[in-house]
Amino acid sequence: MAKRLLNFKEKYLAYTKRQRRKAGKHAVLGIIICLVAMTLIRVVEPSAAESEYEQEQDTIFTSAMVGDMMTGRHVEEIAEQEGYDSLFQYAKPTLQAADYTTGNFENPIVANPDQTEPADKIINLSSKPGIIGGLEDAGFDSVNLANNHMMDYQYAGLNETLQAFQNSSINVVGAGANETEAHDYLLNTYNGMDVATLGVNDITYANMEQAGPNSPGILTSQDPSAYIDAVQRADANADLVIVNVHFGQEYDSTPTTRQRQMTEAIADAGADVIVGTHPHVLQSAEVYNDTFIMHSIGNFVFDQGWTRTRDSVIANYSLGADGTAHLEMQPFRVFEATPRPVESAFHRERIFRQLTKDTQNKDAIVENGEHLVFEADHSNVIDSMEQNSNQNNNQNSTQDQ
């Protein structure tokens, strides 16, 4: 008897039955692959070990600098459960060991945001006053307020933020009750060295962000002569000048032409160290005419969860007695809004690659293996210290006569 040929409908039914049997096997295989992948990811994730940074011998000054710290939204939920100090628990040893610790504070402090008029923006950030204690506990000496979210709750939010920090041990730069305060620099003295810090914001949404003669606000780049003059004044009255710049394109891992133009102008005006923030991802660092330039050092405390926004660093600056300055990038990754030091070679190499891929002056990189270190000649800082010391001695001698 001849075998009957199947019609199209019967062939299709037979095909789907065979695929169902295969699908079960494929599903089991897929589950096994996923479990293996998750295990591997856990292996290369940063551990919860505390950070350790060894200072060089004959160092006369150190500074720890970090990127964007946004302490509202989901970060606030974590802080309410674990405490604000938990956000810095793994980074604290490095932050506290430095003579001077600073970072970009990315939101206003508003106790009752529901009762405060927000700015007309898509995203309005804020956090509760409790974060102040967490910053103090971590060892922060100052924070930069010149950024695109500081006016999210308009004048009322900024005034509340300024008052909160005024009642703390942490100083602020880049914002103030008027343009005189916003354009001013912070001056601290460490081991006889005067360190000036200031901040400028290049990401603006409204004219009200710029501080006026009698109105609060931040120092913006709307008038380039204003921030260049601020840097020059700081350079004339300090030995070392650190400038925070909030600029660039969000999530772009390559510095823009404008970023390079701004940093070179700020360096030419007298900055010794430039700390870039806003892109939320790491960008390459540079040494330009012996000025350390970090176009973006990424997030430090934030609730963004995709891979590149989790890559972070603490930029450790050290100045030797002979004027040799080093900038060592200590790699971190952010998990549950908390930066943790990187121990896996995989993540360390990826972070270092991102920090150097667009570096133009490769000769400034003196170490790129287990550590990433840039070097610059800051003998001008030592010379300035000695000159100021001699002037003070001459003044004291004149007064004694």
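Simple spin-label estimate for Tyr155 and Ala111 gives 2.1 nm between the two label positions (7 Å along the Cα-to-Cβ direction from each Cα). Antiparallel beta bridges, as assigned by DSSP with both residues in the stretch 59-385, represent about 55 percent of the total such bridges. Between Ala265 and Glu386, the contour length at 0.36 nm per residue exceeds the alpha carbon distance by 40.9 nm.
Annotation for Glu77 and Thr204: the two label points, set 7 Å from Cα along the Cα-Cβ direction, are 3.6 nm apart. Fully extending the segment from Ser86 to Ser168, taken as 0.36 nm per residue of separation minus the present Cα-Cα distance, adds 27.6 nm. The convex hull of the Cα atoms of the stretch 55-131, projected and averaged over all directions, covers 6.4 nm². The value given for the stretch 59-385 is a Kirkwood hydrodynamic radius of 19.3 Å, derived from the mean inverse Cα-Cα separation.
Its residue count N sets the reference 2.2 N^0.38 Å, and the alpha-carbon radius of gyration of the stretch 97-217 equals 1.04 times that reference. Under 5 Å from the amide H of Asp358 lie the amide H atoms of Ser284, each residue being 5 or more positions distant or on a separate chain, with H modelled from the backbone and absent for Pro and chain starts.
Report Rg(Cα)/(2.2 N^0.38 Å) for the stretch 170-327, keeping two decimals.
1.03
Any read-out appearing in this document is the output of simple, stated calculations on the displayed coordinates, not a laboratory observation. Predicted model, so just to flag it, every value in this text is computed and none were measured. Here Cβ is always computed from backbone atoms with ideal geometry, including for glycine, and neighbour counts include all displayed protein chains.
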